[in-house]
Amino acid sequence: MCSASAAEAPAASGATRRSGGLARYVFAATLVRSADGGAVVAIVLLAQHTGLPAWVSGLLGASITAPHLLGPFISRRLDTARDGRVVIAVSAVVHGALLGVAALLLPHTWAAVPAVLLFVSGLFGPMLTGGISSRLPAIAGPSRQHQRRAQSWDVASYGISGTLGPAAVAWIAAGPGPLTAALVLAAAAITGAAAVLALPRQPPVTDASAVPSPLQTFRQIWGSGPLRRTLALTVTVAFSVAVLPIYAVAIAPQFGGAALAGTLVAGYGVGNLIGSALLMVKPLPGDADRLVVMLCFVVAAALAVVAAMPSFVAALVACGAAGIANALFFAATLAARSEYAPAEARGQVFIWVGALKIAAGSAGTATAGVLLFGAAWMPVALVAGVCVLAALAGARSRAAGLSRSAGASGSRSGNGHGPAPATAPQTGELARRRAR
């Protein structure tokens with residue numbers, strides 16, 4: 001009886017450490033991601049407040065988001081550092097400091113000067129999104145159930161920060177002004193850096209010399225069936241759901257007023273949060289690779305329903321359902337990145353996928369604006385079709401990989417040479433992952 005109690009004590013202690021680490025993670029991630037997510041809104045509002053033309057405001061906003069695509073080329077440091085927390089914390093401080101300086105200079109100098117500062121600031125944005133997500137697997141513990149539940153909290157962090165950052169900017173800009181809003185975001189990023197340093201320390205999993213370069217990491221992603229599908233479908237879904245805000249603006253007048261656009265977008269955001277809450281109660285079960293493909297079909301169906309809704313209330317409910325579907329899909333992609341990324345390049349894999357996701361979202365928004373020449377539902381219907389095609393391609397690729405691995409396993413067991421050596425297992429889940 002005493003031995004049972006002694007065994008229960010370390011388990012309870014481990015659960016307490018995981019809960020404490022996860023709580024600190026959600027706090028830190030929400031702070032830095034709110035600063036990153038609200039920065040574009042703050043700078044655009046500040047530029048307009050200072051009297052700059054709309055095209056200049058747009059370019060200043062793009063100066064923050066466009067550099068995310070270059071983030072993977074500075075991400076190797078996250079996998080080679082003795083303490084990855086320091087890399088993320090420094091990134092948050094630089095991001096916040098440059099954002100604050102650019103905001104202070106914007107009313108008093110040529111727009112090109114703050115644009116350069118914002119560009120450099122944006123380079124560190126992926127560290128605050130995918131980079132900090134790469135810390136989560138070690139915090140959550142080795143159990144798949146713990147990992148999946150922690151990933152649901154990560155999805156919630158993205159959803160809260162994606163809503164909280166822009167909403168806080170709009171609220172502060174309406175009162176003290178957009179400059180104050182930008183400075184508050186800068187302070188949030190710097191405060192978040194301190195919170196990142198309070199996360200559990202993770203020693204490097206391998207020697208720095210074994211960490212691949214960014215381009216080698218991308219080749220590893222493309223050479224792994226599950227990671228390749230995760231990347232391709234993440235980009236496709238990000239491109240597709242980015243159409244929804246443009247659709248909301250276009251369709252709102254038909255439903256009774258342009259102001260309803262904000263309500264539709266908010267409905268999508270609430271759906272994301274509901275999806276996160278559902279995942280906390282019941283994490284996604286089963287193979288992450290299969291889930292990514294299956295849930296891409298679900299996102300496509302949700303988008304198709306949005307395009308077909310004839311009334312405001314129906315469209316609002318459909319936008320909420322699309323948000324739920326996207327939250328489930330996003331959780332599946334986080335699980336796939338965690339479970340299939342090589343340990344020596346986990347941070348780079350997270351940042352590669354996150355950076356390309358942001359670029360795809362920007363492209364989706366731009367494409368929706370271009371396609372909005374006829375019926376408002378047309379861009380949504382088109383991207384729903386794109387999601388279906390991508391999911392079909394992913395399902396076919398996965399089936400082919402499973403078939404090849406089954407064939408290879410059968411040929412080894414029936415070739416008269418006996419089983420493969422124990423030091424190089426070629427059957428079961430490991431063989432299927434390698435073959436795909």
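Summary table
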read-out	value
Hey, residue 70 surrounded by 15 or more Cβ atoms within 10 Å (Cβ to Cβ), part of a helix (DSSP H, G or I), within 22 Å of the chain's Cα centre (by Cα) and modelled with pLDDT of 85 or more or not	yes
Filter pass, residue 307 being under 21 Å from residue 157 (Cβ atoms), in a helix (DSSP H, G or I) and not assigned by TED's automatic domain parsing to the domain that holds residue 124	no
Pick from the stretch 141-155, criterion touching a Gly at 6+ places or on another chain (Cβ under 9 Å) and on the phi < 0 side of the Ramachandran plot, ranking: surrounded by the fewest Cβ atoms within 10 Å (Cβ to Cβ)	147
Exclusive hit being in contact (Cβ under 8 Å) with a residue 40 or more places away in the chain, farther than 25 Å from residue 364 by Cα and of a type outside the set (Asp, Glu), set 100, 51	100
Residue 292 part of a helix (DSSP H, G or I), in contact with a Gly (Cβ under 8 Å, 6 or more places away or on another chain) and over 30 Å from residue 397 (Cα atoms)	no
Pair list, Cβ under 7 Å, 6 or more apart: the stretch 288-304 residue touching a residue at least 12 places away in the same chain (Cβ under 8 Å) and of a type in the set (D, E, K, R), other residue in a helix (DSSP H, G or I) and surrounded by 24 or more Cβ atoms within 10 Å (Cβ to Cβ)	289/226; 289/229; 289/336
Criterion: buried (at least 21 other Cβ atoms within 10 Å of the Cβ), modelled with pLDDT of 95 or more, aliphatic (A, V, I, L, M) and touching a helix residue (DSSP H, G or I) at 6+ places or on another chain (Cβ under 8 Å) - qualifying residue of 243, 237	237
Scope the stretch 310-345; condition outside any helix (DSSP H, G or I) and either more than 24 Å from residue 81 (Cα to Cα) or in contact with a Lys or Arg (Cβ under 7 Å, 6 or more places away or on another chain) (or both); matching residues	310, 311
Top-ranked residue in the stretch 31-59 [being of a type in the set (Val, Ile, Thr) and out of contact with any Gly (no Cβ under 8 Å at 6 or more places or on another chain); ranked as surrounded by the fewest Cβ atoms within 10 Å (Cβ to Cβ)]	50
Residue check for residue 188: assigned by TED's automatic domain parsing to the domain that holds residue 30, closer than 28 Å to residue 44 by Cα and aliphatic (A, V, I, L, M)	yes
Enumeration of residues in the stretch 130-140 that are surrounded by fewer than 24 Cβ atoms within 10 Å (Cβ to Cβ) and either farther than 14 Å from residue 331 by Cα or acidic (Asp, Glu) (or both)	138, 139, 140
Filter result for residue 209 (more than 30 Å from residue 96 (Cα to Cα) and at pLDDT below 90)	yes
Conditions (1) under 20 Å from residue 337 (Cβ atoms); (2) crowded, with 24+ Cβ neighbours inside 10 Å; (3) of a type outside the set (A, V, I, L, M, F, W, C): number failed by residue 228	(2)
Tally, over the stretch 172-221, of residues that are of a type in the set (A, V, I, L, M, F, W, C), in a loop (DSSP other than H, G, I, E, B) and free of Cβ contacts under 8 Å to residues at least 12 places away in the same chain	0
Sole exception among (1) modelled with pLDDT of 90 or more; (2) crowded, with 16+ Cβ neighbours inside 10 Å for residue 222, by number	(2)
Residue in the stretch 336-357 that is among the β-branched types (Val, Ile, Thr), more than 28 Å from residue 59 (Cβ to Cβ) and at pLDDT below 80 present	no
Within the stretch 222-264, tally of residues that are more than 14 Å from the chain's Cα centre (by Cα) and in a helix (DSSP H, G or I)	26
Hey, residue 359 in a helix (DSSP H, G or I), surrounded by 21 or more Cβ atoms within 10 Å (Cβ to Cβ) and not aromatic (Phe, Trp, Tyr) or not	no
Check on residue 55, farther than 18 Å from residue 192 by Cβ, assigned by TED's automatic domain parsing to the domain that holds residue 173 and modelled with pLDDT under 85	yes
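The values are calculated or read from the model by the stated rules, or taken from the named source; none is laboratory data. Here the structure is a predicted model, which means the values were calculated and not measured. Glycine gets a Cβ as well: all are built from the backbone with ideal geometry, and neighbour counts include every protein chain shown.
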